[in-house]
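Report on one structure; see the data block that follows.
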Amino acid sequence: MFEIEIKKYLEGHGFEAFKPKAVLFDMDGVLYNSMPYHAVSWHKSMKRFGLDMKPEEAYQYEGMRGVETIKLLARQQWNKEITDEEAANMYEEKSNEFRQCPKAEKMEGVEDLMRKIKADGLKIVVVTGSGQKSLLEKLESEFNGLIHRELLISSFDVKHGKPNPEPYLCGLKKAGIEPWEGIVVENAPLGVRAGVAANIFTVAVNTGPLPQKMLADEGANLIFKDMPSFRDSWDKLKENWVNS
Ligand code: MG
């Protein structure tokens with residue numbers, strides 16, 4: 001198990017060895033079960049501007065910077081190019097809506113997984129496209145001893161959001177590692193695309209309603225149906241690189 005996937009990854013990128021030293025976690029839909037609230041907030045707020053965004057589309061566009069998503073919707077539905085400023089104002093409405101939602105729960109199994117990762121001597125990095133200050137500020141205290149501010153990349157650190165590889169490349173740099181020394185954990189198709197484009201071994205955990213095929217099509221190296229499944233497979237995955 002996993003031997004074939006690791007071999008495929010190495011061959012696909014022309015790397016000699018897979019030696020993970022850090023795991024790079026996405027935030028929404030990975031650390032927190034926040035996506036249902038984001039989906040509803042997107043739908044409600046865009047409706048006010050006359051834009052239609054079905055809750056399931058929020059999952060499809062997840063990972064993209066909010067402003068870019070709004071500009072894309074305007075292009076599709078209004079046939080026009082809106083300014084960054086207009087889009088930013090509209091995004092503010094979405095953020096307000098999200099702030100009124102109940103607090104998102106931590107994803108089941110993710111803290112256990114992080115403890116295993118830490119015990120195995122790997123660093124934990126968070127790479128999110130979020131600019132939701134309310135969530136970002138609490139990360140360190142909510143994942144006490146597991147997440148550290150200096151290993152956090154948010155929308156404030158990058159010019160290009162996912163699916164551009166920049167956020168993950170920035171994560172590698174902050175951790176001081178090469179692509180074959182990292183593992184990306186993502187739930188969204190565009191996030192998977194970003195991890196793959198950064199040449200990092202990318203694990204997709206399908207915590208939302210999208211078909212698994214969408215994650216496979218973006219090139220995910222491994223796909224799990226939920227976080228507890230990934231947690232329970234961690235030791236097996238580790239055996240494979242330790243012995244390779
Ligand atoms: Mg996500």
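Over 20 Å, how big is the tail of the calculated P(r) for segment 70-214, in percent of all Cα pairs? Show your work: numbers first, answer last.
Values: 5926 of 10440 pairs.
Cα-Cα pairs in segment 70-214 separated by more than 20 Å: 57 percent.
For the chain, take the longest principal axis of its alpha carbons; what is the angle in degrees between that and the long axis of helix 3-13, to the nearest 10 within 0 to 90?
Roughly 70 degrees between the two axes.
Accessible area per residue for segment 35-99 in Å², computed with a 1.4 Å probe and the full protein assembly in place, what is it?
For segment 35-99, the solvent-accessible area averages 52 Å² per residue.
Measuring from label point to label point, each 7 Å out along Cα→Cβ, what is the residue 96 to residue 16 span in nm?
5.8
Between the helical axis of 166-175 and the dominant principal axis of the chain, each derived from Cα atoms, what acute angle in degrees is found, rounded to the nearest 10?
40
Stick to the Cα atoms of the chain, pair each with every other, and give me the Kirkwood hydrodynamic radius in Å at one decimal. Show your work: numbers first, answer last.
Working: mean 1/r = 0.0548 Å⁻¹.
Result for the chain, one decimal place: 18.2 Å.
If you add up the charges near residue 37, with Lys and Arg at +1 and Asp and Glu at -1, over every other residue whose beta carbon is less than 13 angstrom from its beta carbon, what do you get?
In short, 0.
For segment 215-230, just list the computed ³J(HN,Hα) in residue order, Karplus coefficients 6.51, -1.76 and 1.60, θ = phi - 60°, integers in Hz, with x standing in for Gly and Pro.
7, 5, 5, 7, x, 4, 7, 9, 10, 10, 6, 7, 5, x, 5, 5
Search the structure for amide H atoms under 5 Å from the amide H of residue 153, placed 1.01 Å from N in the peptide plane, and list their residues when 5 or more places away or on another chain.
126, 127, 128
Which GluC sites (Glu not before Pro) in segment 1-41 pass both tests, a DSSP loop state and at most 11 other beta-carbon atoms within 10 Å? Walk me through the numbers on the way to the answer.
Working: sites: 3, 5, 11, 16; in loops: 16.
Hits after loop and neighbour filter: 16.
About its Cα centre, how strong a charge dipole does segment 37-120 have in debye, to the nearest 20, once Lys and Arg get +1 and Asp and Glu get -1 at the Cβ?
140
Going by the alpha-carbon gyration tensor, a ≥ b ≥ c the square roots of its eigenvalues, is segment 35-99 rounded (a/c under 1.5) or, if a/c is not under 1.5, prolate (a/b greater than b/c) versus oblate? Let's see the in-between values first.
Numbers: a/c = 1.57, a/b = 1.35, b/c = 1.16.
Cα axes put segment 35-99 in the prolate bin.
Ignoring ligands, DNA and RNA, what percent of the 1.4 Å accessible area of the chain is carbon and sulfur?
The C+S portion of the solvent-accessible surface of the chain is 49 percent.
Hey, if we sort 32, 61 by accessible area with the 1.4 Å probe, largest down, what's the order?
Values: 32 0, 61 25 Å².
The ordering from most to least exposed comes out as 61, 32.
Assuming 0.36 nm per residue, please report the length gained on full extension of the stretch residue 1 to residue 116 beyond their Cα-Cα distance.
My answer for the length gained is 39.5 nm.
Give me the angle, in degrees from 0 to 90, between the Cα long axis of helix 35-48 and the longest principal axis of the Cα atoms of the chain, rounded to the nearest 10.
20
Cα centroid distance between segment 14-48 and segment 177-244, in Å?
Rounded to whole Å, the Cα centres lie 12 Å apart.
The values are calculated or read from the model by the stated rules, or taken from the named source; none is laboratory data. Keep in mind that this is a model prediction, so the values were computed, not measured. Here Cβ is always computed from backbone atoms with ideal geometry, including for glycine, and neighbour counts include all displayed protein chains. Remember, those area values only see protein heavy atoms, side chains included, never the ligands or the DNA or RNA. Shrake-Rupley method; radii C 1.70, N 1.55, O 1.52, S 1.80 Å.
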